[in-house]
1. Is there any pair linking a residue in segment 56-70 that is among the β-branched types (Val, Ile, Thr) to one that is in a strand (DSSP E or B) and loosely packed, with under 12 Cβ neighbours inside 10 Å, with Cβ under 7 Å and at least six apart or on different chains, and which?
2. Could you tell me which numbered condition GLU8 fails, if it satisfies all but one of (1) without any contact (Cβ under 8 Å) to a residue 60 or more places away in the chain; (2) acidic (Asp, Glu); (3) not in a loop (DSSP other than H, G, I, E, B)?
3. Kindly provide the set of residues from segment 59-93 that are among the basic types (Lys, Arg) and more than 15 Å from ILE7 (Cα to Cα), ordered by number.
4. Quick one: would you say ARG47 is exposed (fewer than 15 other Cβ atoms within 10 Å of the Cβ) and either more than 30 Å from LEU97 (Cα to Cα) or in contact with a strand residue (DSSP E or B) (Cβ under 6 Å, 6 or more places away or on another chain) (or both)?
5. Return the pairs, sorted by first residue and then second, in which the second residue is modelled with pLDDT under 95 and surrounded by 14 or more Cβ atoms within 10 Å (Cβ to Cβ), the first residue lies in segment 78-90 and is under 18 Å from ILE26 (Cα atoms), the beta carbons are less than 7 Å apart, and the residues are 6+ apart or on different chains.
6. For residues that are small (Gly, Ala, Ser) and more than 18 Å from the chain's Cα centre (by Cα), scanning just segment 57-97, find the one that is farthest from ILE22 (Cα to Cα).
7. Any residue in segment 54-65 that is within 30 Å of ALA94 (Cα to Cα), exposed (fewer than 11 other Cβ atoms within 10 Å of the Cβ), modelled with pLDDT under 95 and not small (Gly, Ala, Ser)?
8. Would you check if there is a residue in segment 76-84 being over 30 Å from ILE10 (Cβ atoms), charged (D, E, K, R) and out of contact with any Asp or Glu (no Cβ under 8 Å at 6 or more places or on another chain)?
Amino acid sequence: MVLSTLIEAIAQILHMVLNIYIWVVIISALITWVKPDPYNPIVQILRRLTEPVYETMRRYFPTMISGIDLAPIILIISLQFIDLFAVKLLFSLANGL
């Protein structure tokens, strides 16, 4: 019972972290449309949270099509897949114990 509760708690925390990061990616993508001040602390935080992941993705996938950066879309789809697969798998594992 303790192990089941621990796995369920880990799954719930992972679900929350993934959802928060998806919103960070969405906000970061929307902010790029308005050309904000690069010295704004919020803009700097959003870039520090998203740019390392974007750069890693750009190394392996062509993310620019006709000048449109598809890295945020690919990242959101990947995070949704992890959320749907891994988190549900952890919940199923917790329920089976």
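The values are calculated or read from the model by the stated rules, or taken from the named source; none is laboratory data. Keep in mind that what you see is a predicted model, and the values were worked out from it rather than measured. Note: ideal-geometry Cβ built from the backbone for every residue, glycine included; neighbour counts use all protein chains shown.
1. none
2. Of everything listed in (1) without any contact (Cβ under 8 Å) to a residue 60 or more places away in the chain; (2) acidic (Asp, Glu); (3) not in a loop (DSSP other than H, G, I, E, B), GLU8 misses just condition (1).
3. ARG59, the sole residue that qualifies.
4. No: the conditions fail for ARG47.
5. none
6. Across segment 57-97, the extreme among qualifying residues is GLY96.
7. Among the residues of segment 54-65, not one is within 30 Å of ALA94 (Cα to Cα), exposed (fewer than 11 other Cβ atoms within 10 Å of the Cβ), modelled with pLDDT under 95 and not small (Gly, Ala, Ser), which makes the answer no.
8. Pass one, segment 76-84, residues over 30 Å from ILE10 (Cβ atoms): none.
No, there is no match, as no residue in segment 76-84 is over 30 Å from ILE10 (Cβ atoms), charged (D, E, K, R) and out of contact with any Asp or Glu (no Cβ under 8 Å at 6 or more places or on another chain).
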